[in-house]
1. Filter segment B:88-135 down to the residues that are over 30 Å from A:Glu458 (Cα atoms), under 14 Å from the mean Cα position of the chain (by Cα) and among the hydroxyl-bearing types (Ser, Thr, Tyr) and list them by number.
2. Quick one: how many residues across segment A:391-401 are farther than 10 Å from B:Asp108 by Cβ and either more than 8 Å from chain B (Cβ to nearest Cβ) or in contact with a His (Cβ under 8 Å, 6 or more places away or on another chain) (or both)?
3. Output the helices (runs of 4 or more DSSP H) that fall wholly within segment A:394-498 and possess 1 or more residues being within 15 Å of A:Gly558 (Cα to Cα) and touching a Ser or Thr at 6+ places or on another chain (Cβ under 9 Å), or say none.
4. Enumerate the pairs (first residue in segment A:490-506 and closer than 15 Å to A:Thr478 by Cα; second residue anywhere and among the charged types (D, E, K, R)) with beta-carbon separation below 7 Å, excluding pairs fewer than 6 apart on the same chain, so at least 6 apart or on different chains.
5. Can you find even one residue in segment A:469-479 that is modelled with pLDDT under 95, touching a strand residue (DSSP E or B) at 6+ places or on another chain (Cβ under 6 Å) and not basic (Lys, Arg)?
6. Report those strands (runs of 3 or more DSSP E) wholly inside segment A:37-100 carrying at least 3 residues which are of a type outside the set (Phe, Trp, Tyr), under 24 Å from the mean Cα position of the chain (by Cα) and buried (at least 21 other Cβ atoms within 10 Å of the Cβ).
7. Can you tell me which residue is modelled with the lowest pLDDT among those in segment B:141-174 that are at the interface with chain A (Cβ under 8 Å from one of its Cβ atoms) and in contact with a Ser or Thr (Cβ under 9 Å, 6 or more places away or on another chain)?
8. Any idea how many residues of segment A:8-55 are at pLDDT 95 or above and over 30 Å from A:Ala149 (Cβ atoms)?
Amino acid sequence: MKYSNPHRLPPSLFRSAVILAGIVATPLQAAPSVSRLTPPSELFSSGRPAPVIARFLPGQRFDLQATLRPDSADKTIVGARFVIDGKPVDALVALRDCSVGCLPDIAKNAAIASVRAVSVERPGIHTFSVTATQSDGQTVVADGNFEVASILAGGRKVKNIVIILGDGMGASQRTAARIVGGGYAQGKTIAPLAMDTFPVVGLVKTASLNSIVTDSSPGMTSYVSGNKNNNNEEGVFPDDTTDFFDNPRIEYLSEYLHRVQGKALGVVTTADVFDSTPAGNAVHTSNRRAGTGIVDQFFDDRRRTGLTVLMGGGRKWFLPASQTGSARSESNDYAFSAGDAHSAEIVNRWGAAAGKIDIERDLLAEFQAEGFRYAADKTALDAIDPAKTDRLLGLFSLSNMNVALDKIDGRRNKPRGLGSGGVVDDYGFPDQPMLDEMVAKALAVLERQKNGFVLLVEGASIDKQAHTMDTERWMLDTLELDRAVKVVQEFARRRGDTLAIVTADHECSGAALIGGSIVSDVKLQELARAGGEAHLRDKVVGPYEKAGFPRYRIAADGYPETTNIDRRLLIGYGANADRYEDWRTNERPVQDKEHPFLKQPPLAAHPISAKARDTEGRFLVTGQVPGDRAVHTGTDIPLSAYGPGAWSFTGVFDNTDVFFRLAQAALGGVVTPDGLSPLKPTRRTR
Amino acid sequence: MINRLVSRRRLAAALAVLGIGGSAAHASADSMASLKDLPAKELRFRDFFRMPIGSKGLETTEVLRRADRQVVRLVGYMVQRENDTPGSFMLTPIPVQMSEHADGDADDLPATTVLVQLDPSQRDWVTSHTPGLVTVSGVLHVGRREERDGRVSWVRLQLGPSAIRRIDADEASN
């Protein structure tokens, strides 16, 4: 490791260097500096060679990038070159100046040097460096490192990979779903969750590149890129430009396996398809909110990702801007300039689409013209014959799909909405499929892919409803996910060549099973009317043996007949904002006579608070986090695995390890993990 | 909440019902000051678009088209947002709590969401969330418009200057 520029020294060493310089009376000479070197490394950040931050598969592509700062305003960076293991990288170095389009703390005469889509085959730790030359001839060198993982050959390769992700689903969400969906008798589970029957379980560490608490973007991409991203960023490392789509990229599992094995990609979610988790399998952007560009990139790069099935909500991005309901916007679209090597090399070397600012694009029509069968509702989905379907697009709502509780109420004709219909009627999408129905169709279409597939299945609103601490809604969404798990498990059991994992990207809300209600639902309503913690806490919450075993009756559709049972399961939140709690399933307030519907009081007299729900009970649970929503937590999350290769998912491991274990199963085949080798026979000594 | 807003030199605002009723009347943006004197027509969210929504986008109804640029009255819920949005709030037929930090535009807003805009003189006011159903009256505008935060709105309601009023921390705490 070498430092030709004291600006690159770690702070403590830098102070020592200054003192030393004073002693020998040799003034430090100004020089250019490197303020960011990508891939990220501790070698660059702190001078320590470990832990190694960036890790890749042999041949997996990634970008090299450095932010270079001249030592004064009258100088510029005139050249840069990258070296890996002492050998110059044989590719164009794009040098972008920062006169426009860089972050505010980056000087206008700074430059960003990039080499796109490089790869290294040889396993092991590799050192790389950038050498930048300033206009006065001075140079600076900065070093980093990365690792290329070994893939062991010889095992039987899995053909298909299914990643089932319950967004925000920690151990508590799983346990709660088990109690509600299966029940307990004298401490024993009556009917386990499907995910409970997966034979292998591990614990996943979920930190992102810039926080112990990840959001859903790096939470997903760590599993399918092998690398940590910053929060809000998908399939890219951070950079210093304002462009959402030009960040240094990392090749996704879908892209890699499509390139080397011809595998297809399926993405099935209950969220808007542009949301973090689905997009984090195929789209490269530093802004998870850039909806127009994200859905465009899904389609534009379909031949690089093998996109074959895409289902969820989010139709608003697929409609031309002039179509009522469209959300397409120039402000979040993408286009790479052919005249700027910085972004043009993304097209040239990655083979990515150039993109275009085109809010009038009819993406729905383009998908269909490309051979995607389109389903707008469950009826249309049911009508699709997978034996005659090569590609499938399902967009069942404008934004997120409705949650399981509301979809099931809709199917049961239970009026919970504004009029005589259900919430799904209020949204205008009364015929939405359940996640297991979407997954069954996706598997049937993808099974026809001769080279296999990677399928992402997301139960998105476990997280979204945990954010709002709407207990029964995330419970039922966890049950909905588990029904999809069962479909995948049956598929994997039948085929024998499919590896399936069930996990989360992070936990959400710090949910905890604190016990059970000790009263009937009728009594609970009485106590809510009496209000206050003396009634709603002290006379309701039963810890330990008082909780007993809540019993929910499951209807033929697989979901509880009602969640408002006597002696119900109670959930507390450890990462909560202030909230009022009455423990009952949240009905639509229009049915709540306590609400001031058209009583026409001066609305200024309404309580001004973000804590709007269940206020009548006056049981305020003060939170530990500001704002109105529970937050993600940094606790480890469970991962369950099924099928060939499942045994590699034991232990406590990093979220990025998941990628390499999936890749091992697909590329090198199923091997015995370290520490699980069979007992060696011992020789008897005479 | 109020203290926080005041400390940030922002103005908390409370909604006030405009006691108006009767048949519809035409109004233009520059006549907002006299909005209080105009009769308002009751408009229901369910009358905005053809329901259920078909296989593509939304189809506006004749009721909504006729209401364009008219003074109307809507009863709905203020969307509970995570981020302050000076000068406007969203109104929906069902309660919605957004988690912008975690979810961005992957939201649960229904298609009929109306962007309610305060009077231009109040564009820096932050309207505190008001739980329960609220009634708002103003001039309806139908058509695509991209907002400052990048969101696209299709139906907006322009309030007059007297639709909301400032409140101070003492009043809010009572």
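The values are calculated or read from the model by the stated rules, or taken from the named source; none is laboratory data. Since the model is a prediction, treat every value here as computed from it, not as a measurement. Virtual Cβ from ideal backbone geometry, glycine too; neighbours counted across all protein chains shown.
1. Answer for segment B:88-135, where residues must be over 30 Å from A:Glu458 (Cα atoms), under 14 Å from the mean Cα position of the chain (by Cα) and among the hydroxyl-bearing types (Ser, Thr, Tyr): B:Ser88, B:Thr127, B:Ser128, B:Thr130, B:Thr135.
2. 6
3. Hits in segment A:394-498: A:404-411, A:435-446, A:471-495.
4. A:Ala504/A:Asp167; A:Asp505/A:Asp167
5. Scanning segment A:469-479 turns up at least one residue that is modelled with pLDDT under 95, touching a strand residue (DSSP E or B) at 6+ places or on another chain (Cβ under 6 Å) and not basic (Lys, Arg).
6. none
7. Among those that are at the interface with chain A (Cβ under 8 Å from one of its Cβ atoms) and in contact with a Ser or Thr (Cβ under 9 Å, 6 or more places away or on another chain), it is B:Ala172.
8. Here the count works out to 2.
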